[in-house]
Amino acid sequence: MRAVLCGYYGKGNGGDEALLAALLQLLPAQVEPIVLSGNPEETHRAYGVEVCDRSAPLAVLQALRRSDVFVWGGGSLIQDATSALSPLYYCGLMALAQRMGLKTIAWAQGVGPLNRFLTRQMAHRAFSGCTAVSVRDAGSATLLANWQIPFTLAPDPVWALQAEPVPGLWELPAPRVAVALRSHPQLTSQRLKILTQALVDFQKATQTCVLLIPFQPVQDLPIAQTIQSQLPGVNQILMLTNPRQLKGVFHGAEMAIAMRFHALIMAAASECRCFAVSYDPKVNQLMADLDLPGWTLEQMPLDSRQISQAWLELYANGDPLSADRIAALEERALLHQEVLKGGIGR
């Protein structure tokens, strides 16, 4: 049995690569995956799977013709906040797969925001035709419930992703603090300057080794380099393309300061104390679900000392998630595997 896996894969985003790695980990053994990728050579090298260029229409059509199942593979694919083209691409492929008679699974979806009438209609139609659906957050669940579409709600599958150790990490001095910031219109040069000064003050007070982690280097690396140039103490920019190692980084850190959604999940799953800087409703929801301290970018104090003091308080007195709660989240994340089994087996 062959399954076409469709997501934001091969685009250099560590969170989406982690979703792909989790999907391949949870896919039933009898299924041969064909991954639609923006960088087929890199995806094949990383995972050893059959790949197809996601931007080559004839190749994608041929892959669908050879397959039995189509999996929309996780994350915020169906939203029009960043672009109306994204839901058009994904809903178009889903509609094509459904017309061709493939079993279609919407897997680990974070649905919305859907601000345009057309994208809401396309999404409604696409989800309605699915064999099985799983979502990763309460907002997506509410939307599908309003549409009267059956679904399974479970934590993001990256909770269940198996981590791998990072070569050389343990040679860096402890304690370590991981920082994963990303570019965003609201992360202005002034706000970045304030965050950088707060991190400088925090490092001076704690003597920690700062690990700067660009989850999507094309966006995040310039920010990491800007911060690195100001840090007074030991630091390292870690450029990791293996999502299992990306998760493994946080096993070697005491605390994480992150904007990236999957950085916060990986850190929380690794018993890190987490401080969130939110740029998106999905991060706000995660903060609420896990009771994480932090601010939205809009709410962030303009006084670097107030920020560094909040970080110092968390570093000295904060608690990570308990091992029992992490185990429960990991176990519930495996419900996404049951959705795959059920959708493929029907």
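Residue-wise test of (1) out of contact with any Ser or Thr (no Cβ under 7 Å at 6 or more places or on another chain); (2) among the charged types (D, E, K, R); (3) modelled with pLDDT of 95 or more.
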position: GLU313; (1), (2), (3): yes, yes, yes
position: PRO320; (1), (2), (3): yes, no, yes
position: GLU331; (1), (2), (3): yes, yes, yes
position: VAL339; (1), (2), (3): no, no, yes
position: GLY342; (1), (2), (3): yes, no, yes
position: GLY345; (1), (2), (3): yes, no, no
Residue list for region 209-268, filter: of a type in the set (S, T, N, Q) and either touching a Cys at 6+ places or on another chain (Cβ under 9 Å) or closer than 25 Å to MET300 by Cα (or both): GLN216, GLN219, GLN225, THR226, GLN228, SER229, GLN230, ASN235, GLN236
Could you grab me the full set of residues in region 209-219 that are surrounded by fewer than 23 Cβ atoms within 10 Å (Cβ to Cβ) and touching a residue at least 40 places away in the same chain (Cβ under 8 Å)? GLN216, PRO217, VAL218
Tell me the residue from LEU211, LEU195, LEU187, LEU199 that is out of contact with any helix residue (DSSP H, G or I) (no Cβ under 6 Å at 6 or more places or on another chain) and part of a loop (DSSP other than H, G, I, E, B), please. LEU187
Kindly check whether there is at least one residue in region 187-199 that is over 24 Å from GLN299 (Cβ atoms) and buried (at least 21 other Cβ atoms within 10 Å of the Cβ). no
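Results for (1) within 30 Å of ARG2 (Cα to Cα); (2) crowded, with 18+ Cβ neighbours inside 10 Å; (3) not aromatic (Phe, Trp, Tyr), shown as yes or no for each residue.
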| position | (1), (2), (3) |
| --- | --- |
| PRO243 | yes, yes, yes |
| GLU254 | no, yes, yes |
| CYS274 | no, yes, yes |
| ASP289 | no, no, yes |
| THR296 | no, no, yes |
| MET300 | no, yes, yes |
| ARG305 | no, no, yes |
| GLY342 | yes, no, yes |
Filtering region 131-179 down to residues that are in contact (Cβ under 8 Å) with a residue 12 or more places away in the chain, among the charged types (D, E, K, R) and over 23 Å from GLU330 (Cα atoms) yields ARG176
So, in region 302-346, exactly how many residues are touching a helix residue (DSSP H, G or I) at 6+ places or on another chain (Cβ under 7 Å) and within 19 Å of LYS103 (Cα to Cα)? 3
The one condition in (1) of a type outside the set (S, T, N, Q); (2) within 20 Å of SER67 (Cβ to Cβ); (3) in a helix (DSSP H, G or I); (4) touching a residue at least 60 places away in the same chain (Cβ under 8 Å) that TRP107 fails to fulfil: (3)
Subset of region 130-148, residues part of a loop (DSSP other than H, G, I, E, B) and under 16 Å from LEU77 (Cβ atoms), comes to CYS130, ARG136, ASP137
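The values are calculated or read from the model by the stated rules, or taken from the named source; none is laboratory data. Worth saying up front: this structure is predicted, and the values here are computed from it rather than measured. A quick note on method: Cβ atoms are made from the backbone with ideal geometry, for glycine too, and the neighbour counts reach across all protein chains shown.
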